[in-house]
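Engineer: Please read through the structure below; I'll follow up with questions.
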Amino acid sequence: MFTKNKYFNKKTGLKLLVYAVVIGMFWLKMSYIQSNIFSLNVENANEASILAFNPLSSIFLIFGLGILLGGRRGMFVSYILGSLLLYVNILFYREYSDFITIPMLNQVANLADLGGSIGTILNYSDILLFVDVLIAAFLLFYLKPSRFQSFKPKRREGIILAIVAIPLFIVNLQWAETERTDLLERTFDRNMLVKYIGVINYHVYDAVLQGKTEMKKTLADSNELVPAINYLNENKKKDSNHLEGVAEGKNVIAISLESTQTFVVDNTLHGEELTPYFNDLKEEGAYFDNFYHQVKQGRTSDSEFLLANSLYPLNRGAVFFTHSGNEYEALPSLLSENGYFTNVMHANDKTFWNRNVMYDSLGYDDFISKEDYEVTQEKSHGWGYLDEYFFEDSLNKMKDMDKPFFSKMITLTNHYPFTLPEEKKYIEEGETSSGTLNRYFQTIRYQDEALKQFVENFKDSKLYDNTILVIYGDHFGISENHKEAMGEYLGKDINDFEQFQLQRVPLLIYGKGIEPQENHTVGGQIDLRPTLTNLLGIEDENPIQFGNDLMDKDRRELMITRDGDFANEEYVGIQGACYDRETGNPVEDGACEEGFDAAQEELEISDSIIYGDLLRYLDETEMVNSEEQQASSEEKGSVQP
């Protein structure tokens with residue numbers, strides 16, 4: 001029977017006070033982290049209020065479950081685990097401006113090589129983020145022990161807290177959708193999700209998404225590939241065959257430049273060019289100045305996936321980890337079928353990014369990794385083998401390779417945290433407010449010098465007459481966390497449009513037969529495969545490709561980012577806003593509606609192919625389509641005029 005004294009007395013009052021203080025402390029910490037450490041672009045008072053409110057449902061949930069499972073100790077364990085989850089996201093956000101997903105946890109093997117990077121993103125002040133954990137322990141266990149004999153959280157209280165979390169979340173979601181409708185459909189924008197539902201709720205939602213993802217492959221069948229083929233057939237422009245076969249039978253060396261962005265090209269620091277050699281070299285080949293990276297959480301491995309498959313990487317995790325067991329119709333396999341010896345040259349451990357597994361799935365003949373180079377302490381720094389030695393050794397290995405060959409080289413030195421031995425610093429540090437950007441200038445300058453050594457030696461070798469170079473940046477090096485410093489260096493405000501333009505990376509195709517040109521077409525890494533196969537004169541019968549030949553003057557100019565943004569000949573669309581691509585001035589949102597729709601449709605189709613492992617059905621689907629076309633032709637032929 002309910003009585004007031006039974007449920008509201010000194011003992012329960014004390015318990016409620018402790019609950020309130022512990023929950024309040026965690027709410028303050030979570031609110032501080034979301035508002036001050038994460039860059040969530042709060043634009044108005046309503047969004048600020050949502051950001052302050054959204055921790056509550058997740059806090060009630062985790063503490064309710066903690067009490068339900070373990071009483072007072074369970075509540076404290078929830079506090080610790082919640083704090084650790086927040087802190088791991090802080091570390092991840094500092095380097096990637098993104099939040100952890102469940103597929104990313106599969107990549108924990110990569111942490112073995114992250115020593116220097118992790119040391120840089122840790123701050124001594126971070127210890128202050130755990131002071132509240134000690135206070136919580138004091139309140140829950142050590143404040144007047146005799147008095148706390150009666151403080152025994154009961155399971156029903158945990159159930160109550162967990163149940164209260166449900167209406168709190170419903171209110172949170174409905175409130176958030178006054179600012180952004182269909183919020184939970186925008187899975188590609190984790191910053192937006194965290195801003196509106198909170199970082200812990202985001203992780204709960206991510207777990208739901210992961211469960212749905214696991215089911216997609218199990219339930220997939222060949223019928224799901226037909227819409228993808230139909231879409232690509234409808235939107236694929238017929239190639240003009242411009243420069244088709246100009247490099248037929250030639251070797252290909254694809255050089256993936258670590259963390260290299262276009263803004264350093266033709267730019268200076270302290271009156272000195274940052275990339276003096278590349279600036280001259282690009283005048284001798286086909287240089288693309290509106291070429292964007294399209295990677296997400298997989299970074300360099302995503303750029304590799306784009307080159308090999310002309311498919312979009314995933315929004316969550318890296319395909320190299322999450323779907324390395326899929327069947328692919330990849331570029332290395334195609335080249336091998338056409339007589340090429342295909343290989344990757346990278347002076348890192350074979351297991352990093354799960355390359356030793358994924359390269360087999362992509363069809364590479366060989367992986368020349370760290371164990372195949374004479375890596376010494378004197379020749380290493382930071383992430384490993386310095387570029388100049390990597391280039392020198394790799395060129396020597398190529399001279400003895402079976403011909404023709406396709407070699408993809410992946411550099412290392414220009415990698416966060418961008419440090420160098422003193423004797424390798426060919427330019428003084430920058431003078432911006434970001435130490436990261438200041439050091440980046442030095443590693444970029446070093447990389448350019450190493451590239452010069454390689455290309456000049458290449459020109460003097462027997463490979464020169466029968467080889468083309470494809471030199472491109474793999475992804476950004478300076479994240480949006482350094483907007484202020486980038487603005488200081490470039491002398492302008494880095495707004496959303498300018499940040500988008502900073503995602504351009506250099507692309508140069510160089511070699512005999514490649515006419516010098518500065519090409520302004522809008523493209524991305526997804527276009528590399530069809531561009532290469534056209535230059536090599538190789539017929540690529542794989543219908544599941546989203547890229548278009550960059551050399552084709554009649555190509556569809558559309559570059560789609562993994563976030564659902566896009567750029568075309570006229571416009572740039574960013575998170576629902578529309579800009580003139582030439583001026584950066586805002587234009588009516590309606591002008592970008594078609595681009596946003598195309599971006600969403602292509603990303604969904606590409607995701608369905610990867611999640612469902614649909615390329616395993618390609619032969620079966622093509623056979624069915626062929627039979628249908630034949631039947632249709634016969635039916636038409638039987639009709640007499």
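The values are calculated or read from the model by the stated rules, or taken from the named source; none is laboratory data. Just so it is clear, the structure is predicted and the values come from calculations on it, not from any experiment. Note that we place each Cβ from the backbone using ideal geometry, even for glycine, and neighbour counts take in every protein chain shown. With ligands, DNA and RNA removed, areas are computed over all heavy atoms of the protein, side chains included. Shrake-Rupley method; radii C 1.70, N 1.55, O 1.52, S 1.80 Å.
Engineer: What order do you get for 420-429, 66-75 when each peptide is scored by the mean count of other beta carbon atoms within 10 Å, highest first?
Structural biologist: 66-75, 420-429
Engineer: R0 = 25 Å: FRET efficiency of ASN338 with GLU620, Cβ-based, nearest 0.05?
Structural biologist: So the FRET efficiency works out to roughly 0.55.
Engineer: Take LYS370, LYS483 and sort them by solvent-accessible surface of the protein heavy atoms, 1.4 Å probe, largest at the top.
Structural biologist: From most exposed to least exposed: LYS370, LYS483.
Engineer: Among 447-457, 491-501, how do they line up by average Cβ neighbours within 10 Å per residue, starting with the highest?
Structural biologist: 447-457, 491-501
Engineer: Would you mind working out the accessible area per residue for segment 389-478, using a 1.4 Å probe, and quoting it in Å²?
Structural biologist: Per residue, segment 389-478 has an accessible area of 36 Å².
Engineer: If you don't mind, there's one more thing I want to ask. Count charges around GLN499 for me, please; just the other residues with Cβ under 9 Å from its Cβ, Lys/Arg as +1, Asp/Glu as -1.
Structural biologist: For residues surrounding GLN499, the net value is -2.
Engineer: Counting Lys +1, Arg +1, Asp -1, Glu -1, what net charge surrounds VAL522 among other residues with beta carbon under 11 Å of its beta carbon?
Structural biologist: -1
Engineer: In addition: GLU284: net charge of surrounding residues, Cβ under 11 Å, Lys/Arg +1, Asp/Glu -1, itself excluded?
Structural biologist: 0
Engineer: If you don't mind, another one. Under the rule a/c < 1.5 gives rounded, and otherwise a/b versus b/c splits prolate from oblate, where does segment 312-359 land using the Cα gyration tensor?
Structural biologist: oblate
Engineer: Near the amide H of GLY473, under 5 Å away, which other amide H atoms are found, from residues 5 or more places off or on another chain, if H is placed in the peptide plane?
Structural biologist: LEU257
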